[in-house]
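Engineer: If you scroll down you'll find the structure; I have some questions about it.
Values in this text are rule-based calculations from the coordinates and carry no lab data. Owing to the predicted nature of the structure, the values given are computational and were not obtained by experimental measurement. Neighbour counts run over all protein chains shown; Cβ positions are idealised from the backbone, glycine included.
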Amino acid sequence: MAKTINQRLHNAKKARNDEFYTQLNDIQLEISHYKKEFKNKIVLCNCDDPYESNFFKYFALNFNALGLKRLIATCYDPSPIACVQLDLFDSSTPELKEKRAFKIEIEEITDINGDGSIDLADVEFLIRNKKNVLTLLNSNGDFQSKECKELLKQADIVVTNPPFSLFKEFISLIREYNKKFLIIGNTNALKYKECFEMFMRNEMRTGYTHFNTGMFFQVPEHYEKFHHLENGKKIARVSTSCWFTNLPVKKHNEDIVLFKSYTPELYPKYDNYDAINVNIYTDIPNDYDGIMGVPITFLDKYNPKQFDIIGCSDRGGDNRPQVNAIRLTEKPEDSPKINGKKIYTRVFIRRRQQQTSEDANIAADSGTQYGVDE
Ligand SMILES: C[S@@+](CC[C@H](N)C(=O)[O-])C[C@H]1O[C@@H](n2cnc3c(N)ncnc32)[C@H](O)[C@@H]1O
């Protein structure tokens, strides 16, 4: 029991550095590609104070346009900025003054106030006046709590920017409950064992928003590190932010165009792995059938019909028998090296030789799964 409380305190402490608020524009840009995926679906935003989250705002405003069945958003009460950050609505209701964790569930949004359009005023009216739309949670809104897991069970798609410090726990939970997801994370998460395995199994891919150029987030007043001020609010840049999803993403069904030929001089072998080194994914030779080490950015272009992923030189691949099979040294923690010089983390890949039955399944799915953006 004591351990559980300690763990919760530890998580709450970690979460205090996780207050990065996603901008509406970034949410709009990414979600616009998956419109059809949301029709008649229950969307859960489980790290989202509805009064502070642009994810909630986006789905509330687009509830009818997307044809959602239900929208659920839950907030976390140890959040240091609960109800003070974005202030999307007037949050002076007695429940919110207590700053207790609560959930909002919406099944229908109409022009309640009769002003001729459906907007945030209607959402606010709904929250204030319709019973059972806003209810207090018994727990603190931790996405791992029993109460939130019950909501997760009901959901079809989870869409949020979860606390990065709990990203592994978050993705493991989604995987355990076998849910569709569209979430923001850090590109470093690709190397986590949990995520890398999902990439290898084609259970997770990167989204449409350009990978590795970063995103801007609103951060609390007390954060010292920020990029610039916008209307007096602190905006931070996280250059390693990206979207992760198991929804269809067109680019992952398209071959990377390969125009280079293999030569031993251009593509030396590693000292410690039986594989050749490729420095940029666009330089992958089109005529090499052995194992190649490519930078982690390859995963943003990865088409499982074109390449097999063998493993990763870093954590994600350490225990994988396939990586051990090409390892030329005993030490499992060895970074790839060429002439004794360390190279960054490499993903080991091999060209697919021919259509397998698995390819045929991917291809059969592709009509419905991949060609979705309009
Ligand atoms: C990166 S912020 C993103 C907030 C919002 N989803 C957005 O994108 O604007 C992560 C949020 O998760 C909340 N959080 C931290 N730990 C949590 C937990 N265990 N369960 C649920 N939410 C948590 C934090 O308070 C914070 O508001």
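Engineer: Could you tell me the calculated FRET efficiency between E221 and Q322, based on Cβ-Cβ distance and R0 = 41 angstrom, to the nearest 0.05?
Structural biologist: The value I calculate is 0.25.
Engineer: While we're on this one: Suppose the chain between N212 and L29 were pulled fully straight at 0.36 nm per residue; how much longer would it get relative to their current alpha carbon spacing?
Structural biologist: Working: separation 183, 0.36 × 183 = 65.88 nm, distance 1.57 nm.
This chain segment gains 64.3 nm when fully extended.
Engineer: In addition: Using a Förster radius of 45 Å, what is the FRET efficiency between T297 and L120 based on their Cβ-Cβ separation? Nearest 0.05, please.
Structural biologist: That gives a FRET efficiency of 0.75.
Engineer: Say each of N132 and I338 gets a label point 7 Å from the Cα, pointing the same way as Cα to Cβ; how far apart are those two points in nm?
Structural biologist: If labels sit at N132 and I338, their model points lie 6.4 nm apart.
Engineer: Among the DSSP beta bridges whose two residues both lie in segment 157-301, what percent are antiparallel, rounded to the nearest 5?
Structural biologist: Roughly 70 percent of the beta bridges in segment 157-301 run antiparallel, per DSSP.
Engineer: Same structure, new question: With θ taken as phi - 60° and the coefficients 6.51, -1.76 and 1.60, list the Karplus ³J(HN,Hα) couplings across segment 50-60 in order, rounded to whole Hz; mark glycine and proline as x.
Structural biologist: x, 7, 10, 9, 6, 5, 4, 4, 4, 6, 5
Engineer: Hey, rough spin-label estimate for N286 and L266, points 7 angstrom out along Cα→Cβ, what's it come to in nanometres?
Structural biologist: Taking the simple label geometry, N286 and L266 are separated by 1.1 nm.
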